1. Counting other beta carbons within 10 Å of each residue's own, what order do 204, 173, 232 fall into, fewest first?
2. Using only the alpha-carbon atoms, what does the stretch 218-369 span along each of its principal axes? Please give whole angstrom values in decreasing order.
3. Give me 344, 276 ranked fewest to most by other Cβ atoms within 10 Å of their Cβ, as a rough exposure proxy.
4. Is the stretch 119-259 best put as rounded, prolate or oblate by its Cα gyration tensor, with a ≥ b ≥ c the root eigenvalues, rounded for a/c under 1.5, and otherwise prolate when a/b is larger than b/c, oblate when not?
5. Within the stretch 273-309, name every residue whose backbone N is under 15 Å away from a label modeled 7 Å from Cα of residue 370 along the Cβ vector.
6. Mean separation of Cα pairs under 8 Å and 6+ residues apart, divided by the residue count of the stretch 342-429: what relative contact order is that in percent?
7. When the distances between all Cα atoms of the stretch 283-416 are binned every 10 Å from zero, what whole-number percent does each bin get?
8. Return 406, 153 ranked ascending by Cβ neighbour count within 10 Å, so the fewest neighbours appear first.
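Coordinate-derived values only; no laboratory data. A quick note: this is a predicted structure, and the numbers were derived from the prediction, not measured. Ideal geometry is used to build each Cβ from the backbone, glycine not excepted, and the neighbour counts take in all protein chains shown.
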């Protein structure tokens with residue numbers, strides 16, 4: 001396939017297709033072949049849309065042959081977490097129950113926008129059931145496995161999205177993030193991930209988890225790819241009030257602005273990494289390269305995270321009450337138990353959690369009066385082994401599943417934009433969070449691009 005390989009970035013694929021050094025159909029066939037060869041080991045792809053991908057690729061090739069200008073993602077293979085509506089398929093959302101739904105009648109809006117930009121959808125991706133998961137261990141489709149070590153977790157709940165990007169199955173993938181489900185798989189699988197500001201990218205055409213906290217966003221192997229996908233997907237859409245009236249703010253042309261003039265600091269206090277050697281080293285490497293100040297402590301982080309737990313429990317349980325009454329045994333037992341707990345929480349607790357969340361948001365907003373960008377760990381450790389039930393954090397043995405997201409949950413609770421950045425290191429991947437004030441995705445991506453350019457951060461291909 002010309003000079004392109006399985007790990008080529010999306011921008012390079014689109015450029016080669018536009019130049020005619022490779023056809024979009026060849027790119028699609030190569031991606032589908034890669035899925036056939038590698039997916040049995042990583043279990044990232046649950047639905048392969050081969051005919052659709054090839055038809056879209058041939059359309060791109062026909063446009064180029066006719067001399068028409070090609071869109072920015074022409075010929076780029078992409079795949080999506082299977083909670084996105086894909087026309088002709090039931091939107092399974094990682095569950096057994098949803099497989100009984102009628103096939104979707106149209107694509108999710110973000111899929112439509114990527115397709116209109118020339119990208120070719122090659123499949124749906126594995127995920128934690130109903131997105132309530134940090135491990136990627138799906139009870140119905142099997143565990144999604146880390147491409148760097150298939151005995152280890154890919155992270156969740158967007159497990160297939162992180163693993164597919166990391167394993168070279170798709171140049172771009174889409175996932176969702178409620179409490180960390182983009183940033184955790186990005187950290188474990190060694191890829192870049194963007195969780196935009198709450199309300200920035202429309203969720204129309206995706207299966208919800210917790211409306212107050214749900215975000216959608218891309219994974220990629222380069223920052224430029226994230227920016228291309230993000231710019232393509234921006235804009236409001238019917239069906240998602242959170243996005244109403246939000247202006248489009250392209251970021252691609254800002255990537256090379258560098259970091260001069262930016263006030264950058266590390267997050268401390270709750271985000272301290274003492275006793276977490278891999279996370280500590282990752283933050284130190286990034287903070288040192290950026291000459292970041294700090295550490296900066298923020299009031300209310302633990303309380304904000306507790307509020308996020310409550311809000312997640314209550315809203316997600318309410319969505320599934322009917323099936324909890326009629327199809328209890330068809331849930332993953334871990335997911336079922338969390339939904340049942342949420343269904344029993346008193347209403348005043350939920351109201352109080354939203355009040356605490358608002359107070360915590362105000363606490364965090366004060367930090368951005370003096371700082372433009374914050375650096376924090378993404379996960380407290382690299383990917384644990386599949387089936388690991390407990391880990392030791394700060395000298396205490398705690399449950400693995402909820403504590404994987406200990407550093408991501410307090411950030412998504414207040415909807416801040418974050419770029420998850422893989423840090424160059426030996427051994428298993430681990431990432432950091434680059435965080436900015438609401439609606440400043442440009443700053444997150446600008447800092448991530450600088451780190452990538454300087455060789456501090458970047459994708460490392462696994463030996464698959």
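1. 204, 232, 173
2. 57, 41, 30
3. The order, fewest Cβ neighbours first, is 344, 276.
4. Since a/c reaches 1.5 but b/c is at least a/b, the shape of the stretch 119-259 is classed as oblate.
5. Residues 293-299 fall inside that zone.
6. Numbers: 40 pairs, mean separation 25.6, N = 88.
Relative contact order for the stretch 342-429 comes out at 29 percent.
7. Bin by bin from 0 Å, the calculated values are 11, 30, 34, 18, 6, 1.
8. In order of increasing Cβ crowding within 10 Å: 406, 153.
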